[in-house]
Amino acid sequence: MKYTDGKNIMVYAQSADGAPVGAALETVSKAAELAKANGEEVIAVVFGKDTDTKTVITAGASKVLVAGEEGLPAEEKAQILVKLAEKYQPKAVYMAGTPEGKMIAPAVSAVFESGCVTDVTGITADGVYTSLSYNGNVLNDMKMGENLPHVATVRSGSFAKKLDESRTGEVIAEDASADTVRTKVVETVKEIAETVNLEEAQIIVSGGRGMGSKENFALVEELAEVMGGVVGATRPAIEEGWVSRAHQVGQSGKIVAPKLYIACGISGATQHVSGMIGSGYIVAINKDEDASIFDVADAGIVGDVTKILPVMIEEMKKR
Ligand code: FAD
């Protein structure tokens, strides 16, 4: 199933409990800017009839297609998006670079035999996509082939969410459904994910294996609390059971872009750094002065986290 002549940008506006997630709104706003430059429009797709379409319009969509249900598996959502892309023939399909977005994007592009770029941090109106490689040290500029739609997932925090209450748009109910679904949702577990809003946090204090124990990890939680931030963690800290998986930052966790990221007892493995390299200012605390986290840090403290964090907490409490 191929096409080479398309118009407009389709954005899958992912939602949670009916509210579009921040990264999806950022994607809609960026798409609106690009579409405007080309005299085109943004066609957003939301799942679930109760999803807040108004905010999606406010972010820049001029049409919002409402299909399926929010809780459908990614496989099913991908098939529905394919049908909608076939119907509307967009030039591009974008979505937030969430774990779900990263499952859906390649499934959509594979059907159309079109290009797919993940974790983009820049898009130009003439279709140049920028993404990070080499552990965030190299920016790749890419153009995709002639088959449409060009599919991209957008790295959270890369673009501003621009809400404009004066925008208007059309909401269209679509009855597209998936044909063959091999995945079945057995149970939806509501983790504390809703309260762990890492992707939108301005301050994140993250702890790694170097915290040593659950008791010591409480220092990370306390520092985050006194600073008005959110707790992040590396995979080992989660596997140790010090904190729930909803806090994981990195390749198989969340991609974050806070203004301030404080890494405590974290070595700086690629799989972790790829999830936080977009942070505005990175502070690393590690007892090993050669730890690779210092290569990406703006400020580094060489020392024992169990001694440094209590001092930082006390100082912050005085403010
Ligand atoms: P370590 O690498 O063990 O580092 C601990 C650091 O703490 C060391 O640098 C040490 O010097 C320091 N330290 C020890 N004691 C102290 C102290 N008292 N004071 C100060 N510093 C101290 N990891 C993720 O984080 N997120 C992911 O999403 C992720 N996805 C992965 C996906 C795949 C497919 C694979 C293979 C791995 C993934 N990983 C992920 C794991 C990743 O490769 C690393 O193993 C992990 O990030 C290391 O975590 P860490 O820095 O906490 O632990």
Legend entry - Residue ID - nearest to the ligand (Cβ to nearest atom), chosen from residues in segment 274-290 that are at pLDDT 95 or above and within 27 Å of residue 97 (Cβ to Cβ): 284
Inset, instruction - Kindly indicate whether residue 200 is in contact (Cβ under 8 Å) with a residue 60 or more places away in the chain and either out of contact with any strand residue (DSSP E or B) (no Cβ under 6 Å at 6 or more places or on another chain) or of a type in the set (Asp, Glu) (or both). - result: yes
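Could you tell me whether any residue of segment 255-271 is surrounded by fewer than 16 Cβ atoms within 10 Å (Cβ to Cβ), near the ligand (Cβ under 10 Å from one of its atoms) and more than 22 Å from the chain's Cα centre (by Cα)?
Filtering segment 255-271 down to residues surrounded by fewer than 16 Cβ atoms within 10 Å (Cβ to Cβ) leaves 259, 270-271.
Retained after the next criterion (residues that are near the ligand (Cβ under 10 Å from one of its atoms)): 270-271.
In the following step, the residues that additionally are more than 22 Å from the chain's Cα centre (by Cα) were identified as none.
Among the residues of segment 255-271, not one is surrounded by fewer than 16 Cβ atoms within 10 Å (Cβ to Cβ), near the ligand (Cβ under 10 Å from one of its atoms) and more than 22 Å from the chain's Cα centre (by Cα), which makes the answer no.
Each row is one residue, and each column tells you yes or no for (1) of a type in the set (Ser, Thr, Tyr); (2) under 21 Å from residue 84 (Cα atoms).
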residue: 109; (1), (2): yes, yes
residue: 116; (1), (2): no, yes
residue: 139; (1), (2): no, no
residue: 175; (1), (2): no, yes
residue: 181; (1), (2): no, yes
Legend entry - Options 171, 111, 117, 138: the member that is modelled with pLDDT of 95 or more, under 19 Å from residue 275 (Cα atoms) and β-branched (Val, Ile, Thr): 117
Inset, instruction - Quick one: residue 200 ticks every box in (1) surrounded by fewer than 18 Cβ atoms within 10 Å (Cβ to Cβ); (2) modelled with pLDDT of 95 or more except a single one, so which number is it? - result: (2)
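If a residue has to be in a helix (DSSP H, G or I), within 14 Å of the ligand (Cβ to nearest atom) and surrounded by 14 or more Cβ atoms within 10 Å (Cβ to Cβ) to count, how many in segment 296-319 make the cut?
From segment 296-319, those in a helix (DSSP H, G or I) are 296, 305-318; that's our starting set.
After this cut, where a residue has to be within 14 Å of the ligand (Cβ to nearest atom) as well, the list is 296, 305-312.
Now restrict to residues that are surrounded by 14 or more Cβ atoms within 10 Å (Cβ to Cβ): 296, 305-306, 308-309, 312.
Qualifying residue count for the region: 6.
Considering segment 249-285 alone, what residues qualify as being polar (S, T, N, Q) and under 20 Å from residue 202 (Cβ atoms)?
Filtering segment 249-285 for residues polar (S, T, N, Q) gives 251-252, 267, 270-271, 274, 279.
Listed by number, the list holds a single entry, 279.
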Inset, instruction - State the number of residues belonging to segment 1-24 that are closer than 18 Å to residue 170 by Cβ and not β-branched (Val, Ile, Thr). - result: 6
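Restricting to segment 55-105, count the residues that are aromatic (Phe, Trp, Tyr) and either under 26 Å from residue 160 (Cα atoms) or crowded, with 24+ Cβ neighbours inside 10 Å (or both).
1
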Inset, instruction - For segment 56-78, enumerate the residues that are at pLDDT 95 or above, part of a helix (DSSP H, G or I) and in contact with a helix residue (DSSP H, G or I) (Cβ under 7 Å, 6 or more places away or on another chain). - result: 56, 59, 77, 78
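Out of all the residues in segment 210-223, which are within 24 Å of the chain's Cα centre (by Cα) and either surrounded by fewer than 23 Cβ atoms within 10 Å (Cβ to Cβ) or near the ligand (Cβ under 8 Å from one of its atoms) (or both)? Explain how you work it out, then say what you get.
First, the residues of segment 210-223 that are within 24 Å of the chain's Cα centre (by Cα): 220-221.
The one that is within 24 Å of the chain's Cα centre (by Cα) and either surrounded by fewer than 23 Cβ atoms within 10 Å (Cβ to Cβ) or near the ligand (Cβ under 8 Å from one of its atoms) (or both): 221.
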Legend entry - Close pairs from segment 6-24: first under 13 Å from residue 62 (Cβ atoms), partner of a type in the set (S, T, N, Q) and crowded, with 21+ Cβ neighbours inside 10 Å, Cβ under 6 Å, at least 6 apart: 11/27
Inset, instruction - Report, ordered by the first and then the second residue, all pairs with beta carbons closer than 6 Å, sequence separation of six or more or different chains, a first member in segment 248-271 that is under 15 Å from residue 227 (Cα atoms), and a second member that is modelled with pLDDT under 95. - result: 258/201; 258/202; 258/279; 259/202; 259/280; 261/276; 261/279
Legend entry - Candidates 196, 249, filtered to the one that is within 11 Å of the ligand (Cβ to nearest atom) and either under 15 Å from the mean Cα position of the chain (by Cα) or of a type in the set (Phe, Trp, Tyr) (or both): 249
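The values are calculated or read from the model by the stated rules, or taken from the named source; none is laboratory data. Given the structure is predicted, the values throughout are model-derived calculations rather than measurements. Every residue, glycine among them, receives a Cβ derived from its backbone with ideal geometry; neighbour counts consider all protein chains shown.
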